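What follows is a single structure, written as structure tokens, with notes after it.
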Amino acid sequence: MKENLMKKYQLYATMGAGFESVVAKELQSLGYKTTNENGRVFFEGTQADIVKTNLWSRTADRIKILLKEFTAMDFDTLYNEVYEFDWAQLLPVDAKFPVQGRAVRSKLHSEPDVQSIVKKAIVDKMMDQYHRRGFLPESGSEYPLDVHIYKNKARISLDTTGASLFKRGYRVEHGGAPLKENFAAGLLKLTPYNGTHPIIDPMTGSGTLAIEAALIAKNVAPGSWRDFAYDNFDWFDSKLHKDALEEAKTQVKSIEAPIWASDIDQSILEIAKLNAHNAGVLQDIRFKQVAVKDFASDLENGIIIANPPYGKRLKDRESAEELYRQMGDVFRPMESFSQYYLTADPKFEECFGKKATKKRKLFNGNLRVDFYQYWANRK
């Protein structure tokens, strides 16, 4: 269906709570006009834009096509509105189309019922459109559909991404509880980092912050290593993805400023190095085994960013807070560096020995965390 090539779709990106403005700014930098609401940033685009935003978004979770929006106070309305959509234009006769459903603060609050009514309406319409009797095979490509009802307003959408965008494809092993890749990129986007100043991650763990920093500095498209759901849509022009990847390769730059990543644990540093190797940035990051209390650097006018351990259990909390004191002793004097620390411990500032310039509330998964920001006195 090549007429789809120039067709404009109503698109939206989804993201973790607190990152709406970050994703909006990123989409704007890619050339889109955006509008925000909680958990979503809306924009318009063609198939080429679906490819571009999946390939280049560092901070979003998914890119979806909004198919239809309507008010649904009862199941009859839900069924009829879904049935009215031209499903044959979107789904081939053998399409596999799982339906995910969410209902929040709405009259239709049973999510299993919402899902099954939407599924039934689509099946019935396709049976009529394709003149089928009995059942649909669902043996072909997957078209992941989504119904979301909030305050009785229903949205039906098609997910173009597939596995969430944080799954870049370079991370093979997990050391401890690593940050998701798009969460790490989101934190970096909350700093002034653009690759022109040194950056240090002194508790690098499996290396995600340092690797994402290197990808930003080199202007590497974060979706370079993976496929997307749209690759299997029969009406989608497969050449677009290939062309976009080729184009992305021509935009890669050389690293301008040092990226340091250290950790006390040599075995986890080996994992970080493996991940960096898979991302093609091993040569761009200086990895070193060193404890925070022994850390030293002659770099200036850069950024320190870290995701130190939070210590949920009492014994762990005591050692985490001792670590925060060590961090204060070592990093507080490095005044030419802007410093950014993510932790769920409300006593962080007290232990670190300095009140943050700014504090931002975020959610790492379901865990409420704070991003403590200490702005530099530049030399």
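Rounded to the nearest 10 degrees, the inclination of helix 314-331 to the longest alpha-carbon principal axis of the chain is 60 degrees.
The rule of thumb for compact globular proteins, 2.2 N^0.38 Å, goes into the C-alpha radius of gyration of the stretch 103-259 1.42 times. If R0 is 22 Å, what FRET efficiency do you get for Leu245 and Leu5 from their C-beta distance, rounded to 0.05? Step by step, r from the Cβ atoms, then E = 0.75. Straight-distance candidates among the aspartates and glutamates for linking to Lys8, with alpha-carbon spacing under 17 Å and chain neighbours fewer than 8 residues away dropped: Glu44, Asp49, Glu69, Asp86, Asp159, Asp237.
Here's the picture: charge each Lys and Arg Cβ at +1 and each Asp and Glu Cβ at -1 in the chain, and of Thr357, Ile255, Gly101 the one pushed furthest to the positive end of that dipole is Thr357. Over all directions, the projected convex hull of the C-alpha atoms in the stretch 97-157 averages 4.4 nm² in area. For the pair the stretch 91-145 / the stretch 27-46, the C-alpha centres are spaced 27 Å from each other. Inter-part distance, the stretch 189-207 to the stretch 287-330, computed on C-alpha centroids, equals 14 Å.
Checking the cross-link pairs Lys68/Lys151; Lys64/Lys253; Lys52/Lys253; Lys52/Lys107 against a 27 Å limit on the alpha carbon distance flags Lys64/Lys253; Lys52/Lys107 as lying beyond it.
Along the stretch 148-156 the Karplus relation, 6.51 cos²θ - 1.76 cosθ + 1.60 evaluated at θ = phi - 60°, assigns HN-Hα couplings of 10, 10, 10, 6, 6, 9, 9, 10, 10 Hz to successive residues, with x for each Gly and Pro. The angle between the Cα long axis of helix 266-278 and the main principal axis of the chain comes to about 50°, on a 0 to 90 degree scale. The reciprocal of the average 1/r between distinct C-alpha atoms defines the Kirkwood hydrodynamic radius, which for the chain equals 22.7 Å.
Just so you know, the averaged projected area of the alpha carbon convex hull for the stretch 294-337 sits at 3.3 nm².
Cα-based values for the stretch 2-159, radius of gyration first and Dmax second, are 16.3, 49 Å. Taking the longest Cα principal axis of the chain as reference, the axis of helix 208-218 is set at about 80 degrees.
Per-residue 3J(HN,Hα) values for the stretch 11-16, derived from phi via the Karplus relation 6.51 cos²θ - 1.76 cosθ + 1.60 with θ = phi - 60°, read 10, 8, 9, 10, 7, x Hz in sequence order (x marks Gly and Pro). Using Cβ point charges alone (K and R +1, D and E -1), the dipole size of the chain about the Cα centre works out to roughly 740 debye.
Each reported figure results from applying straightforward, stated rules to the coordinates on display, with no laboratory input. Because the structure is predicted, anything quoted here is derived from the model rather than measured. When we count neighbours, we look across all protein chains shown, and the Cβ atoms used for this are built from the backbone with ideal geometry, even at glycine.
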